[in-house]
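Everything on this sheet refers to the single structure shown next.
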Amino acid sequence: MQNEEELLNDKMFSLVKVWAGLLHSGLVDGTIFSFNHSIATKVVTHYLSDLKILKIRYGIKDRVQYTKIAGLMANAILKYRPIVPIKGNQVGIEESKCNELLAVCHGIFVCVENQQLNVKIMKELFTDVLFKDWANKFLHLLRERNYTAESLVMVFETLCLSAKRI
């Protein structure tokens, strides 16, 4: 079982990996936004605190399901927002959904990386019109509506169940 420092390093690595993927794919502009390591550390420490509470609440002795990790991390990402503008005076910067994209893509990465989802199926989903509609609605929920960490866990659990059925 990993100690807290190993968990922190593992989660930080996965955040950076997903951030690099967002930059590489062109979904986020690296000339406008930057990944703030200090804020990201706060994201991971908040996640670890929530994880302890969740394990106590549900009597989980060992490892938690990856969908729970995905939901708790998404919640922490959205609370602290580690992707920040390089300059603060860009017009319309407040409309950016880069942190929401990081939360969703990181959650999917956690589920895929740990084989809760089949990578091939996820690639197919990302090109599917219905999935794109779902993703846009999910981004809207994260940006404009109310949610809890546990409701985000349920979103990732539902996604995993749907992907397994295809």
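Each value in this text was obtained by applying a stated rule to the coordinates, not by laboratory testing. Just so we're clear, the structure is a prediction, and the values are computed from it rather than from any experiment. All Cβ positions, even for glycine, are placed from backbone atoms using ideal geometry, and neighbour counts span all protein chains on display.
Here the chain is assigned +1 on the Cβ of each Lys and Arg and -1 on the Cβ of each Asp and Glu. Its dipole about the Cα centre then comes out at about 260 debye.
Binning the C-alpha pair distances of region 67-116 at 5 Å intervals from 0 yields a P(r) profile of 5, 21, 25, 19, 13, 9, 6, 2, 0 %, listed from the shortest bin outward.
Entry note, the chain: relative contact order of 28 percent, from Cα contacts under 8 Å with a spacing of 6+ residues. Measuring nothing but alpha carbons in the chain and taking Rh as the Kirkwood radius, the Rg to Rh ratio lands at 0.95. In terms of packing, defined here as the mean over residues of other Cβ atoms within 10 angstrom, the peptides 75-85, 139-149, 18-28 line up highest first as 75-85, 18-28, 139-149. If you take all other residues with their beta carbon under 15 Å from the beta carbon of Ser96, and give Lys and Arg +1 and Asp and Glu -1, the sum is -1. Charge tally around Val64: other residues with Cβ under 14 Å, Lys/Arg +1 each, Asp/Glu -1 each, net +2.
Of the peptides 96-102, 10-16, the order by per-residue mean of other Cβ atoms within 10 Å, starting with the highest, comes out as 96-102, 10-16.
Charged neighbours of Ile39, selected by a Cβ distance under 11 Å, balance to +3 (K, R count +1; D, E count -1). With 31 Å as the limit, write out which pairs from Lys79/Lys132; Lys61/Lys137; Lys55/Lys132; Lys87/Lys137; Lys68/Lys97 have Cα-Cα distances beyond it, or answer none. Check vs 31 Å cut-off fails for Lys61/Lys137; Lys55/Lys132. At an R0 of 45 angstrom, the distance between the Cβ atoms of His24 and Arg145 translates into a FRET efficiency of 0.95.
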